[in-house]
Each structure stands twice: as structure tokens, then as C-alpha cells.
1. Along Cα→Cβ, 7 Å out, is where each label goes; now give me the distance between the ones at Ala417 and Ala77 in nm to one decimal.
2. Can you give me the long-range amide H partners of Ile411? Hydrogens built in the peptide plane at 1.01 Å from N, cutoff under 5 Å, separation of 5 or more residues or another chain.
3. Residue-wise, which Karplus ³J(HN,Hα) couplings in Hz belong to region 125-130, taking 6.51 cos²θ - 1.76 cosθ + 1.60, θ = phi - 60°, and x for glycine or proline?
4. Mind listing the phi-derived Karplus ³J(HN,Hα) values for region 344-351, rounded to whole Hz, using 6.51, -1.76 and 1.60 with θ = phi - 60°, and x for any glycine or proline?
5. Scan around Val72 for amide H atoms under 5 Å from its own, H built in the peptide plane at 1.01 Å from N, and keep only partners 5 or more places away or cross-chain.
6. At 0.36 nm per residue, and after removing the present C-alpha to C-alpha distance, how many nm does the segment from Met65 to Val12 gain when stretched out fully?
7. Could you list the trypsin sites (Lys or Arg not before Pro) in region 267-345 that lie in coil according to DSSP, counting only those with at most 15 other Cβ atoms within 10 Å of their Cβ?
8. Roughly how many Å² is the accessible area per residue of region 348-433, as a whole number, for a 1.4 Å probe?
Amino acid sequence: MIYPTQRAAILVSVAAPVALALGVAVPGGWVAAIGWVVVVMAAVFVDGMLAPSLAGAPTVDVPAMVPVGGRVLLSPAIAGGVGAEFAAEVSAPLERARAPSPVRAELVEGGEGIEDALAYDAPRRGTAHVSALWARHRGPLGFAWRQRRIATDTAIRIVPDIGPTREQGMRQYLRSAQFGTRMRTESGDGQEFQALTEFQPGMQRRAIDWKASARHLSLYAREYRTERDHAVVLAIDSGRAMADPVDGVPRVDRAVSAALLAAFVALKSGDRVRLFGFAARPQVDSGSLTGARSFASLHAHAADIDYGVGESNYTLSLTALDQRLDRRSLVVIFTEFTDPTAAELLLAAGQRLLRRHRVLFVLFHDVELEGFIAAPPQGADDVTRANVAQALLRERRIVIERVKRMGIEVIEADPAAMPLALVERYLALREQG
């Protein structure tokens, strides 16, 4: 396609006042302005035909991963594109999920010594796509652009920033590590039987071996060897409720950050970790991974957890997760419920998981609702808003108490404090076996 440049547009616009002046001075002289416009348009066409052509399939050089908030330098290339100017159409992850309107990357000329580079600021975690590439050459006269739009599908994986995760995770791991020169067997609540011991105050009654107690005419309890190869499942709900922001950041992004920190500590501790993402159906499943080197794979899978726009299907997703687990695991579910109906479905799915696994719910404090209650009312709208917030928090508290009575553990913390709170709870549960 051939398009006029700014120079050609200025020359054409000059014809209007010239035509007006000629029409006033010499009747019929305004026709000369039309001739001027025709000459300029002809020059635009000839200049566009003389411009170098753009042929071949384009390529866009992008990094394999980029952290959230980082700047991606897109380096396009195409046959005959030497000296050409480029632009790109990039669809952000959230926009692809809700409104697939493209966002054009801003043009950077010679930034950091890289010519014809396009800069794209990664706004959210997920996978962005370069859906189209524009390339254009200026004609030798400077009157026309010869432009071509080429459809492409280059993916940019936007992953969570793991710098703070690694730093905090290593600090927590070193704090919890136990060093010594003598090996010993540790007793706990594992599954491998170790020995019988006399029942002592403080032991759980379910540990009593009634048959052995009857034989010895005294209460005896079973001791189990503490397992050091735990299975930890980090299940992240990415439905509509989790896509809503809390304290300015989507809940699902905060859940991913907390999950990665817990996964880093768990892998360094020798446990098996599985990352599972779901919304209306299961979306991401990393499988069971071991070893600190597996953290890179978890990091990549975390980028595939999308922002959902529909309600989460707890029954389908958590049942599918239960079928994929072949051993007793600690299932950590990052979720949020906004109405009693969704809470009932969540409780039913959690109760089924509780038959085989240890379940831990992770909930973020709703600081917005708590802010409505704490703010001094300035009018009737503020009073109404505070009453509604109080009712919502009361329903939420009722559901949390029901969850605890079912035997499911719950963590509820402020968004900023959640990662460290989750790691501390994981380490406490790990010591219990």
C-alpha cells in the first residue's frame, strides 16, 4: 500500500488557501489549485512506486521470558527491510481474555544502540502475542510511504518477577533448615509406622493402638516416622472473583507470587511440588516436580494461568485434581468466594478432597471492604456502603468458620503479608508430617 507522507499532506493543504486567493484575484483562477493537487498526487504515486519493496515472511526476535513490568525490545526483520521503519500490534494477556482489542507498541528509534526496535511494557502475567507487524519505506522524493502489514503470531511469555521470591525463599529456607552432625529418626504424623510407645498426655487420642493396649493392660500409642518427601499441590483459582483486584493488584497475581515462594521453599526442602490452575475447567498442571532446578518449570507454568471471566467450577476442577494425585498430599487452594452459592460448591469439593488429603485454604483479607467499614461516614451513601460491606464480611466469616469445623485449615492474611504467612504455615505443617 502507498500512503502520502506529512510533506505531501502539507503541499496538498496549501492548495486550499491558494485556490481561495486566486479565486478572489482572478475569477476562474482557482482551477490552477486543482492542477496543483493532481501534480502532488501523481508525485506521491510515482514516489511510492520507486520506494523499495518489502517481501518475504517477517521475523520478530523476542526474549523467551520477561518479568511483569519489564520492557520487551522487539527486533523485527524482513527481506528488503533495511532502512525501513517498523510498528507492531501486541495483544496483552488480560485484553485477550476480556476484550481482544490490540495495543500498538511504541516505536523506539535507536534505543540502547538497537536500531528499529519496538518497546513493549509487559503489563500483566500471561502470554502476550505480536499479532501484526507493519513495515514501511520512504520514497526517494519523500512524498510517499510504501507500507505493508503482515500478520504474525509471536508469543511473549510474561512471568512473575522471581527476584523477591528467590530472596525471601532462601531466607526462609535457611531459617528453617536444621543442621547437625548426627543422624536421627524423627517422629511425627507421617504414614510410615515406627514404634509403639506408652501414651503420654498431649498425644492425640487417634494414635492409641487399642489392640496393643489390651494386650499390655496399658495405653499404647503408635508413632509414625516423619516424612521428608511430602507432596505439595498449589491449586490456584483463576476465575472471575480471583481476577478482581485487592489493594490494587489482581488476587490471582498475588496468589501466584505466594505460591511461587512456597514452591521455592518446598523444592529446596526436598518435597514434591505440583502447580495446578483452574477456572471453569482445569487449565494448568505442571505435574509433580522435585529438586530446586524444577523451579524454572514451575515459573514457566505460572505464566500460563490466565485471568478468567466466568465463575469457577470447583466440582469439575478439584475432582479432576483428586483423580490425578496418587498419594496423600497437602493441597493448598488459593481461592475467593463472593456469594453463599459459590461457597457451598467450594465446601463440597473441599470435603471430598479432605477424605484423602490435607487441605489448606488461602484467602486474602478484603482490604477494600474493611476500609469502607473503618472510614468515617460523610453522608448517607457512606453509611449504606459500610452496612453492605459489613454484611458481606459477616457472610464471609460464617463460611470460614464452617470450613474450619470441617477440618480444613484456613490462612487469611493481608495481601502483602500472605507469601511469608503461607511459607510459615507450610513449614509448621511440614514439621508435623
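1. Output for this residue pair reads 5.3 nm.
2. Phe361, Val362, Leu363
3. With the stated coefficients, region 125-130 comes to 5, x, 10, 8, 10, 7 Hz.
4. Along region 344-351, the couplings run 4, 5, 5, 5, 5, 5, x, 5 Hz.
5. Those lying under 5 Å, H to H, from Val72 are Tyr120, Asp121, Ala122.
6. On the way: separation 53, 0.36 × 53 = 19.08 nm, distance 4.71 nm.
Length gained, Met65 through Val12: 14.4 nm.
7. Arg327, Arg328
8. Details: 4590 Å² over 86 residues.
Counting only protein heavy atoms, the per-residue value for region 348-433 is 53 Å².
The values are calculated or read from the model by the stated rules, or taken from the named source; none is laboratory data. Not measured: the values here are computed from a predicted model. Ideal geometry is used to build each Cβ from the backbone, glycine not excepted, and the neighbour counts take in all protein chains shown. What goes into the accessible areas is simple: the full protein's heavy atoms, side chains included, and nothing from ligands, DNA or RNA. Shrake-Rupley method; radii C 1.70, N 1.55, O 1.52, S 1.80 Å.
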